[in-house]
Each structure stands twice: as structure tokens, then as C-alpha cells.
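K.L.:
Starting off with a structure, shown below.
The values are calculated or read from the model by the stated rules, or taken from the named source; none is laboratory data. Quick caveat, the model's predicted, so the values are computed rather than measured. Reconstructed Cβ throughout: ideal geometry from the backbone, glycine too, with neighbour counts over all protein chains shown. The protein model used for the area step is the full one, side chains on, heavy atoms only, and it has no ligands, DNA or RNA in it. Shrake-Rupley method; radii C 1.70, N 1.55, O 1.52, S 1.80 Å.
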Amino acid sequence: MDVKDIIKEENLVYKKSAIITDNTMHYCPGCTHGTVHKVVAEVIEEMGIQDKTIGVSPVGCSVLAYNYLDIDWQQAAHGRAPAVATAINRLYPEKYVFAYQGDGDLASIGCAEIIHACNRGENITVIFINNAIYGMTGGQMAPTTLEGMKTATTPYGRDVKLAGYPLKITELIAQLPGTCLVTRESAESAVAVRKLKKMIRKAFENTGKKKGTSFIEVVSTCNSGWKLSPVESNTWMKENMFPFYPLGTMKDI
Amino acid sequence: MAKIRGAVVVDKERCKGCNVCVVTCPTNTLSLAREVNSKGYNFAYMENPEACIGCANCAVVCPDSVITVYKVKLQDA
């Protein structure tokens, strides 16, 4: 059978979600942001909530997320996405509001906002992309940078005596009574992406049921910041990030 | 002989040649092309079209959503 005979509309198994726009993403080749955007788009499409979803984009590479997902967006000041999402959710309680943040945004400058938003149990979903460095500004050390990890500002590796220990923000948030779903996922393989999709779907459903804050961390790569190829950075992530940031669901009520 | 045949269509111009799909493919169907697209990336293509089973793993991991997957079940294989 020729390939041309297989490529027909009736044989379709997978195609790009209609929520993803035709703009070429500005992300580096192999960036996890693209994969997570795609998964969010698929969940929104499957739930049929395109006109009811409002995203809050952070400061970081994903600041331009509004170019890629065809939903309503608001861009927040650095780290303030949960605060902006709180306001949107209180004004429009029937909407599905989600904040999309990186680790420099959420765990560093926005640490207070995220802790208090989760503690208040705001009815929002937070997607937290953790690649252990500040990606957009050139790979500087972030609170989540691993001990001994080389970055632009720690060329000899992170010294915990000087810079403190890496922050496990998801474990902190799991302690707060306002959260209903706290989980850590990844997006490096097809299995991981399918699991991530299940979790994001659950988070959006929790928002629909007004159960409280759903928090999803995605352990990610930053191949240009880590100075590795996309495939090598996936391997590096599995070898170094997963032992310190173990995957799994911490809270699901 | 395989009972299921698949086919992958890659949007050559939008592919950034990150190689993630090539590594994920369980049947070594995909490979990066020697030629480049207008942005200078070695795009992914089906090197062994017969091997494809249409599992869509490549499309699921593709960060730029450039892969479309088709699959057919053959009657008497």
C-alpha cells in the first residue's frame, strides 16, 4: 500500500488542535513550552470551553503565549499571574482561569503571590514550568537550580552556602489546605505527555466544579540555557532533575 | 506482514528539527533530512515509510505541533 493511499481524511488519527494558531512558535527547537501549549489546547478543545477560558501569561519565554493559543489572554507583571488570575476569577466566576508560569516567575519573584493564591484556595489552575534556570534572560540561576548545577551566574555550579538550597515549591504548596490537586509531571516522552494531559484535564474539571486551586508542575528542559541538544537535555533532565524533583501526584482530593 | 500501516505528514516549513520525534519513534520510521527548510533546520521525514504503525507518539511529543498522523487497518495482510 502506498503512503498516498494512507494519507486520507478518514484515516486521520492525530492532527494539530484547532485552538493552536498557525503562527510559528518563537521557542527554541525542542522546547517543552510548545508541548505544554499543545496539551492545554487539546484539553480546552476536548472540553469545548474555548470561549470560557482565560489564560494569564507570565514574564518569561511564554510571555507571548497569546500568539499561539486562540483563547482570551491577559499578561501579568513578573510573578503576579496568580494575583491577576484571582481578580479575573472573582469577576468572572463562571470562566475557566489558568495561570501559566515559569520557575523564575513563580518560584522567585512570585513566591508570595502563588503561596497566598493557593492558601486562599482561589478557583484557578496553575501550570508551572520548571526548567531550573531563567530561560529567557540567558540561563541565570533560579531558586529551583539544582545544587552544583552550572548556569550563567554560577559558572562553578550552585554553591548552597552562598545561594541556598533548591526550592521544592510544589511540596510546599501541597501542604496548603486551599489546593485540591497538586502534581508534578514531565513532557519528555509520549507516555509523560499523555499523563500530563490527563492531569491538566482534571485540573480544568476541578476549576469547573469550583473545588479550589489545581497546581501542576511540569519538569522541563531549556536546551539553549543548558547548552545541550534537545534530546541530550531530555536525558540530562531524566538523570539529574527527576531524582531531586520526583514525578507524581502529591495531592488529589 | 504488518496488519496496520501508518503515515506521517510533517509540515516541513514549521519543523525545527529538534529530533525529539525521531528518538521517540518505536519503529525507527522517522529521521532528519539532509536538506534544510527555509529557516535552515533539518526537518523530520519518513525514512522508512513501511515501518510506520501510526502510533502518533511523534505527534504527541512534537513541541511545534507540525506532525499529522494517519493510520489504516489492512484487510488481509
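K.L.:
With the requirement that a residue be open to solvent by 40 Å² or more (accessible area, probe 1.4 Å) and either outside any strand (DSSP E or B) or at pLDDT below 90 (or both), what does the range A:114-137 give you? Reasoning before the result, please.
P.N.:
Step one: of the range A:114-137, the residues open to solvent by 40 Å² or more (accessible area, probe 1.4 Å) are A:115-116, A:119-120, A:134, A:136-137.
Of everything in the range A:114-137, those that are open to solvent by 40 Å² or more (accessible area, probe 1.4 Å) and either outside any strand (DSSP E or B) or at pLDDT below 90 (or both) turn out to be A:115, A:116, A:119, A:120, A:136, A:137.
K.L.:
Then there is this: May I ask you to list the residues in the range A:179-214 that are within 14 Å of chain B (Cβ to nearest Cβ), open to solvent by 10 Å² or more (accessible area, probe 1.4 Å) and assigned to a helix (DSSP H, G or I)?
P.N.:
Hits for the range A:179-214 are A:191, A:192, A:194, A:195, A:197, A:198.
K.L.:
Do any residues in the range A:109-120 that are under 13 Å from residue A:99 (Cβ atoms) have Cβ atoms under 7 Å from those of residues that are of a type in the set (D, E, K, R) and crowded, with 16+ Cβ neighbours inside 10 Å, where the two are at least six apart or on different chains, and which pairs are they?
P.N.:
Within 7 Å, the pairs are A:110/A:80; A:113/A:80.
K.L.:
How many residues are within 22 Å of residue A:221 (Cα to Cα), open to solvent by 20 Å² or more (accessible area, probe 1.4 Å) and not aliphatic (A, V, I, L, M) if we restrict to the range B:32-47?
P.N.:
At the first step, the residues of the range B:32-47 found to be within 22 Å of residue A:221 (Cα to Cα) are B:32, B:41-44.
Those still in the list that are open to solvent by 20 Å² or more (accessible area, probe 1.4 Å) too: B:32, B:41-42.
Filter once more, keeping what is not aliphatic (A, V, I, L, M): B:41-42.
Of the residues in the range B:32-47, 2 are within 22 Å of residue A:221 (Cα to Cα), open to solvent by 20 Å² or more (accessible area, probe 1.4 Å) and not aliphatic (A, V, I, L, M).
K.L.:
Just one of A:65, A:99 is without any contact (Cβ under 8 Å) to a residue 40 or more places away in the chain, in contact with a strand residue (DSSP E or B) (Cβ under 6 Å, 6 or more places away or on another chain) and under 30 Å from residue A:230 (Cα atoms); which is it? Lay out the reasoning, then the answer.
P.N.:
On the way: A:99 fails: without any contact (Cβ under 8 Å) to a residue 40 or more places away in the chain.
Of the residues listed, the single one that is without any contact (Cβ under 8 Å) to a residue 40 or more places away in the chain, in contact with a strand residue (DSSP E or B) (Cβ under 6 Å, 6 or more places away or on another chain) and under 30 Å from residue A:230 (Cα atoms) is A:65.
K.L.:
Output the residues belonging to the range A:226-253 that are surrounded by 18 or more Cβ atoms within 10 Å (Cβ to Cβ) and either under 17 Å from the mean Cα position of the chain (by Cα) or of a type in the set (A, V, I, L, M) (or both). Let's see the steps before the verdict.
P.N.:
Initial filter on the range A:226-253 (surrounded by 18 or more Cβ atoms within 10 Å (Cβ to Cβ)): A:226, A:230-231, A:233-234, A:237, A:241, A:245.
Matches in the range A:226-253: A:231, A:234, A:237, A:241, A:245.
K.L.:
Let me ask something else. Just to be sure, is residue A:39 among the β-branched types (Val, Ile, Thr), out of contact with any Cys (no Cβ under 8 Å at 6 or more places or on another chain), crowded, with 20+ Cβ neighbours inside 10 Å and assigned to a loop (DSSP other than H, G, I, E, B)? Don't jump to the end; show me each part of the working.
P.N.:
Numbers: among the β-branched types (Val, Ile, Thr): yes; out of contact with any Cys (no Cβ under 8 Å at 6 or more places or on another chain): yes; crowded, with 20+ Cβ neighbours inside 10 Å: yes; assigned to a loop (DSSP other than H, G, I, E, B): no.
In short, no.
K.L.:
Only one residue in A:156, A:165 is within 20 Å of residue A:246 (Cα to Cα), in a loop (DSSP other than H, G, I, E, B) and hydroxyl-bearing (Ser, Thr, Tyr). Which one? Give the steps one after another, and end with the answer.
P.N.:
Details: A:156 fails: within 20 Å of residue A:246 (Cα to Cα).
Exactly one residue qualifies, and that residue is A:165.
K.L.:
Right, something else. Count, please, the residues in the range A:68-78 that happen to be open to solvent by less than 10 Å² (accessible area, probe 1.4 Å) and farther than 20 Å from residue A:27 by Cα.
P.N.:
Total satisfying the criteria: 0.
K.L.:
In addition: Please enumerate the residues belonging to the range A:203-253 that are among the β-branched types (Val, Ile, Thr) and touching a Phe, Trp or Tyr at 6+ places or on another chain (Cβ under 6 Å). Break it down into steps so the answer makes sense when it comes.
P.N.:
Applying the first criterion (among the β-branched types (Val, Ile, Thr)) to the range A:203-253 yields A:207, A:213, A:216, A:218-219, A:221, A:231, A:235, A:249, A:253.
Matches in the range A:203-253: A:207, A:219.
K.L.:
Does the range B:42-51 contain at least one residue that is over 21 Å from residue A:1 (Cα atoms) and over 11 Å from the mean Cα position of the chain (by Cα)?
P.N.:
First pass over the range B:42-51, keeping only residues over 21 Å from residue A:1 (Cα atoms): B:42-44.
Now drop any that are not over 11 Å from the mean Cα position of the chain (by Cα), which leaves B:42.
Yes, because at least one residue in the range B:42-51 is over 21 Å from residue A:1 (Cα atoms) and over 11 Å from the mean Cα position of the chain (by Cα).
K.L.:
Being open to solvent by 60 Å² or more (accessible area, probe 1.4 Å) and more than 17 Å from residue A:14 (Cα to Cα) is the filter here; which residues of the range B:49-76 pass it? Steps first, please.
P.N.:
If we filter the range B:49-76 for residues that are open to solvent by 60 Å² or more (accessible area, probe 1.4 Å), which is where we start, we get B:50, B:53, B:71, B:73, B:75-76.
Within the range B:49-76, B:50, B:75, B:76 meet the criteria.
K.L.:
Answer yes or no: is there a residue in the range A:12-29 that is in a helix (DSSP H, G or I), of a type in the set (D, E, K, R) and buried (at least 17 other Cβ atoms within 10 Å of the Cβ). Quick ask: steps written out before the conclusion?
P.N.:
From the range A:12-29, those in a helix (DSSP H, G or I) are none; that's our starting set.
There is no residue in the range A:12-29 that is in a helix (DSSP H, G or I), of a type in the set (D, E, K, R) and buried (at least 17 other Cβ atoms within 10 Å of the Cβ).
Yes/no per residue for (1) assigned to a loop (DSSP other than H, G, I, E, B); (2) touching a Pro at 6+ places or on another chain (Cβ under 9 Å); (3) more than 10 Å from chain A (Cβ to nearest Cβ); (4) of a type outside the set (Asp, Glu):
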| residue | (1), (2), (3), (4) |
| --- | --- |
| B:13 | yes, no, no, no |
| B:39 | yes, no, no, yes |
| B:45 | no, no, yes, yes |
| B:53 | yes, yes, yes, yes |
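K.L.:
Also: Please go through the range A:68-94 and pick out each residue that is of a type in the set (Phe, Trp, Tyr), part of a loop (DSSP other than H, G, I, E, B) and under 16 Å from the mean Cα position of the chain (by Cα).
P.N.:
Filtering the range A:68-94 down to residues of a type in the set (Phe, Trp, Tyr) leaves A:68, A:73, A:92.
Now restrict to residues that are part of a loop (DSSP other than H, G, I, E, B): A:68, A:92.
Answer for the range A:68-94, where residues must be of a type in the set (Phe, Trp, Tyr), part of a loop (DSSP other than H, G, I, E, B) and under 16 Å from the mean Cα position of the chain (by Cα): just A:68.
K.L.:
Among the listed residues B:19, B:28, which satisfies the condition of being within 27 Å of residue A:196 (Cβ to Cβ), of a type outside the set (Val, Ile, Thr), open to solvent by 40 Å² or more (accessible area, probe 1.4 Å) and facing chain A (nearest Cβ under 9 Å)?
P.N.:
Details: B:28 fails: facing chain A (nearest Cβ under 9 Å).
Result: B:19 is the single residue among B:19, B:28 that is within 27 Å of residue A:196 (Cβ to Cβ), of a type outside the set (Val, Ile, Thr), open to solvent by 40 Å² or more (accessible area, probe 1.4 Å) and facing chain A (nearest Cβ under 9 Å).
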